[in-house]
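Everything on this sheet refers to the single structure shown next.
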Amino acid sequence: MTWEIAATAAEVISAIAVVVSLVYLALQIRHNTVSTNAAAHHQYLVTQSSANHSITDNAEVCELIDKANTDFSSLTNPEMIRLQFVMYEQFNQWQFAFATGRKSLLEKELWDTFTRGYTQVAATLPAIQRMWEICGSAYDPKFRAHVDAAISSGKPPQN
């Protein structure tokens with residue numbers, strides 16, 4: 001009878017140990033998820049700030065975008081090349097935010113904030129719209145559909 005009691009006690013202790021291990025593992029996974037979300041958010045902000053500075057810190061680029069907004073067809077070939085690379089940088093950032101948002105690596109509130117900002121800019125600047133017509137085919141079909149919907153409606157697409 002003592003062996004049966006010892007075996008039962010061992011089983012109860014083992015079950016408790018498994019539950020404690022599962023709770024610990026769940027807490028570690030949650031912590032890792034929060035850390036991953038924070039890292040993705042930070043990386044996005046760093047690269048977006050860099051992309052924004054490439055425009056705002058350079059009067060020539062601002063003038064180029066203004067010229068493209070006013071009379072896109074008047075751009076020279078060198079201006080078109082420069083604008084294309086500036087816009088690729090912005091579209092790549094948007095795609096990064098889109099991909100991390102779809103993978104739930106950004107909190108929904110952050111993704112909503114980012115997509116509202118991109119949509120507002122894309123829907124109001126003709127230069128971005130024209131460059132999207134030129135550059136958009138280089139991107140993933142789901143992202144293209146997202147940007148197309150944002151530009152055409154002027155509202156962030158619902159994902």
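Taking the C-alpha atoms only, the angle from helix 77-102 to the longest principal axis of the chain is near 20 degrees. Counting only residues at least eight positions apart within a chain, or on another chain, the lysines with an alpha carbon under 24 Å from that of K142 are K103, K108, K155. When only Cα pairs below 8 angstrom with a gap of at least 6 residues are kept, segment 38-153 shows a relative contact order of 27 percent.
Placing a pseudo-label 7 Å from each Cα along the Cα-to-Cβ vector at T70 and K142 gives an inter-label distance of 4.1 nm. Extension gain for A17-N52 works out to 7.4 nm (0.36 nm per residue, less the C-alpha to C-alpha distance). On the principal axes of its alpha carbon atoms, the chain extends 96, 30, 23 Å, with the longest extent given first.
If r is the Cβ-Cβ distance from C62 to K155 and R0 is 30 Å, what FRET efficiency results, to the nearest 0.05? All intermediate terms of the calculation are to be shown ahead of the outcome.
On the way: r = 27 Å, r/R0 = 0.88.
That gives a FRET efficiency of 0.70.
Each value in this text was obtained by applying a stated rule to the coordinates, not by laboratory testing. Note that this is a predicted model, so its numbers are computed, not measured. Cβ coordinates were reconstructed from backbone atoms using ideal geometry, including for glycine residues, and neighbour counts include every protein chain displayed.
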